[in-house]
Amino acid sequence: MEEREVTQRTQKRKDIRSMDYEQLQQEMAALGEKPFRAKQLYQWMHEKLAGSFEEMTNLPKSFREKLKEQYDYTVLTLEDRLISGIDGTEKYLFGLEDGNVIESVLMRYHHGNSVCISSQVGCRMGCRFCASTLGGLTRQLRPSEMLEQIYEIQKISGERVSNLVLMGTGEPLDNYDNLLQFLKLLTDEHGLHISQRNVTVSTCGIVENMRRLADEKLQITLALSLHASSQEKRKELMPIAFKYEIHDVLDACRYYFEQTGRRITFEYSLVGGVNDSDKDARDLATLIGDINCHVNLIPVNPIKERSFVQPYREVIEAFKNKLEKNHINVTIRREMGRDIGGACGQLRKSYIDAKGRDAQE
């Protein structure tokens with residue numbers, strides 16, 4: 001089936017797996033179905049994780065046929081799965097119905113299983129050290145496509161997911177409405193019912209949407225990709241800094257804490273010789289010293305399209321110590337899945353590159 005045909009068919013039909021419980025009840029009423037059908041459907045989609053309407057065996061066949069005619073049922077196909085020989089981290093490449101691919105990561109910790117998912121196909125933010133942005137933005141992911149990444153990982157691994165981070169490919173706050181609907185589905189008591197406190201949403205700093213999210217008063221953690229101790233350095237690493245001044249971004253972080261009471265996480269990728277000096281550490285401590293926060297230091301993952309390198313281990317430790325002396329709560333992120341290209345966008349990019357080479361040959 002050609003990509004255009006798939007897109008046209010999908011646009012004609014409603015995306016039933018993106019509907020929350022209340023919307024599904026309204027939808028069934030509009031179809032003239034009894035109210036209990038909504039509960040049955042929701043259970044099949046979000047508890048039993050059915051892969052199609054055909055699997056919903058306690059629904060009448062005539063009803064299943066009606067659903068197939070009127071609704072799109074989002075499922076992902078597994079294109080690749082890599083398992084780290086170092087720490088058991090699993091990386092998944094999923095195919096979408098329109099032929100695009102996205103990636104997700106399963107990380108196992110003592111406190112439970114955490115999944116990192118993508119929120120867009122590609123990304124338009126252009127951060128210099130990130131493989132996700134190299135091809136630009138292709139399209140937004142629907143709530144069902146974000147949710148299905150978790151569902152498929154649970155089915156494939158046979159393990160429950162208890163924590164979620166939206167730090168995969170894409171800028172979540174650039175897909176704001178779909179993100180909110182996804183969070184509603186994810187935390188709904190009728191579905192996976194993951195606690196809001198176990199969810200982290202990352203952003204590179206879209207100020208107006210950070211403030212909108214704060215006003216929702218959710219109990220999720222907001223993680224800001226800061227990566228620099230000054231506006232000038234941030235511009236070198238992150239094109240979004242040309243639109244949003246660093247102090248405006250930090251004011252939005254303060255507002256988020258005021259509205260939610262949730263401590264802010266600052267993601268800081270340490271790039272050798274760029275943002276890892278003693279002065280950078282001092283400036284960073286001054287910049288964020290009044291914010292209730294936690295700093296996550298991330299030794300940069302080198303990618304072949306950029307010349308960035310990781311700092312030496314002693315430089316990373318010195319940076320951490322300098323922040324701690326200035327009373328900043330800080331950890332060095334444990335590197336997960338390094339032997340399988342664990343960083344955002346690496347698996348997807350290698351897959352697309354290989355397909356391009358095959359087409360040329």
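The values are calculated or read from the model by the stated rules, or taken from the named source; none is laboratory data. Computed from a predicted structure; not experimentally measured. Ideal geometry is used to build each Cβ from the backbone, glycine not excepted, and the neighbour counts take in all protein chains shown.
What to note about this one:
- Members of segment 272-290 found to be surrounded by 15 or more Cβ atoms within 10 Å (Cβ to Cβ) and under 17 Å from residue 224 (Cβ atoms), listed by number: 275, 280, 283, 284, 285, 287, 288
- Subset of segment 262-271 that is modelled with pLDDT of 95 or more and not in a strand (DSSP E or B) - its residue that is surrounded by the most Cβ atoms within 10 Å (Cβ to Cβ): 262
- Residue match in segment 215-229 (condition: among the β-branched types (Val, Ile, Thr), touching a helix residue (DSSP H, G or I) at 6+ places or on another chain (Cβ under 6 Å) and not in a helix (DSSP H, G or I)): yes
- Which numbered condition residue 128 fails, given (1) basic (Lys, Arg); (2) in contact with a Leu (Cβ under 7 Å, 6 or more places away or on another chain); (3) in a helix (DSSP H, G or I): (3)
- When segment 131-173 is limited to residues that are among the polar types (S, T, N, Q) and either touching a Lys or Arg at 6+ places or on another chain (Cβ under 6 Å) or assigned to a loop (DSSP other than H, G, I, E, B) (or both), the one that is farthest from residue 15 (Cα to Cα) turns out to be 162.
- Restricted to segment 85-124, and to residues there that are in a loop (DSSP other than H, G, I, E, B) and within 12 Å of the chain's Cα centre (by Cα), the residue that is nearest to residue 143 (Cα to Cα) is 119.
- Of all residues in segment 28-38, none satisfies the criterion of being without any contact (Cβ under 8 Å) to a residue 24 or more places away in the chain, of a type in the set (Lys, Arg) and part of a helix (DSSP H, G or I).
- Residue that is surrounded by the most Cβ atoms within 10 Å (Cβ to Cβ), among those in segment 291-340 that are in contact with a helix residue (DSSP H, G or I) (Cβ under 9 Å, 6 or more places away or on another chain), of a type in the set (Val, Ile, Thr) and not in a helix (DSSP H, G or I): 295
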